[in-house]
Amino acid sequence: MTSVPETRPRGRPRSEKARAAILDAAMAQLLERGLHAMSMDDVAREAGVSKATIYRWWPSKELLALDALAAEWAASATVDALETGGLRADLLARFRPWVRQLNAKPFARVVAGLVAEAQTDPEFAELYREHFVRPRRDGTREVLVHARDRGEIAEDTNLELTLDLLYGPIYHRLLHGHAPVTERFAQQVIDHVITAITRPS
């Protein structure tokens, strides 16, 4: 039997609109107050929904915060640039848009709250890694693999360590706030890492 396509009214369904409003309100709370001070009551009030509606989708404010940040970054994410055929240019194409995104809003307090929660809640930690850690590392690992295939870096290059060397300094500055996370800084990190792992001419 052929199914009949569902007919929907124009615009987003009410539940989708409510969900979007909740995510927007949660993100505003996170940016202004951080995860610890974020209140489900305030999110419900700003989104114009009941707390029961929020808890139907998110059993905790930590999981709501995770989805809110994922939605925020997805909405402003830059499509990965096509590979240039060179390791340095490929890494710059990945890191520059991310650094601009990090500087667009006070994401440091949001990320710090999520990282702190991940230290005490193993289930949340797995979700955090799935949403934010693995996708970014997987994409950059692919860049490194292609560079290895081209002979730019040695066959025995430790790719996981290289990823830590690329991302570690940026998160260090982001979380500690002792120095700005700038595009120039990201470029310096990339250049130092490439110097360490590329074959001599």
Here's a check for you: in the range 143-164, which residue that is of a type in the set (D, E, K, R) and touching a Gly at 6+ places or on another chain (Cβ under 9 Å) is farthest from Thr195 (Cα to Cα)? Arg150
Number of positions in the range 70-92 that are open to solvent by less than 40 Å² (accessible area, probe 1.4 Å), part of a helix (DSSP H, G or I) and modelled with pLDDT of 90 or more: 4
Could you give every pair whose Cβ atoms fall below 8 Å, whose first residue belongs to the range 160-182 and is assigned to a helix (DSSP H, G or I), and whose second residue is of a type in the set (Gly, Ala, Ser), counting only separations of at least 6 or pairs across chains? Leu165/Ala196; Ile170/Ala186; Arg173/Ala179; Leu174/Ala108; Leu175/Ala108; Leu175/Ala112
Being more than 23 Å from Ala116 (Cα to Cα), of a type outside the set (A, V, I, L, M) and buried (at least 17 other Cβ atoms within 10 Å of the Cβ) is the filter here, so list the residues in the range 16-48 that pass it. Arg19
Determine whether Arg137 is over 16 Å from Arg88 (Cβ atoms) and assigned to a helix (DSSP H, G or I). yes
Looking only at the range 93-104, decide whether some residue is within 22 Å of Arg141 (Cβ to Cβ), in a loop (DSSP other than H, G, I, E, B) and either at pLDDT 90 or above or under 12 Å from the mean Cα position of the chain (by Cα) (or both). no
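Condition check ((1) open to solvent by 60 Å² or more (accessible area, probe 1.4 Å); (2) more than 28 Å from Ala108 (Cβ to Cβ); (3) modelled with pLDDT under 95) across all residues:
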site: Gly151; (1), (2), (3): no, yes, yes
site: Asp156; (1), (2), (3): yes, yes, yes
site: Thr182; (1), (2), (3): no, no, no
site: Ile190; (1), (2), (3): no, no, no
Is one or more of the residues making up the range 161-172 hydrophobic (A, V, I, L, M, F, W, C), touching a helix residue (DSSP H, G or I) at 6+ places or on another chain (Cβ under 6 Å), on the phi < 0 side of the Ramachandran plot and open to solvent by 60 Å² or more (accessible area, probe 1.4 Å)? yes
Inside the range 135-149, can you point out the residues that are under 20 Å from Trp98 (Cβ atoms) and open to solvent by 50 Å² or more (accessible area, probe 1.4 Å)? Pro135, Arg136, Asp138, Arg141, Glu142, His146
Quick one: Phe132 ticks every box in (1) crowded, with 18+ Cβ neighbours inside 10 Å; (2) more than 20 Å from Ala93 (Cα to Cα) bar one, so which box is it? (2)
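The values are calculated or read from the model by the stated rules, or taken from the named source; none is laboratory data. Quick caveat: nothing in here was measured; it's all calculated off a predicted structure. Cβ atoms come from the backbone with ideal geometry, glycine included; neighbour counts cover every protein chain shown. SASA here: full protein model, heavy atoms, side chains in, ligands and nucleic acids out. Shrake-Rupley method; radii C 1.70, N 1.55, O 1.52, S 1.80 Å.
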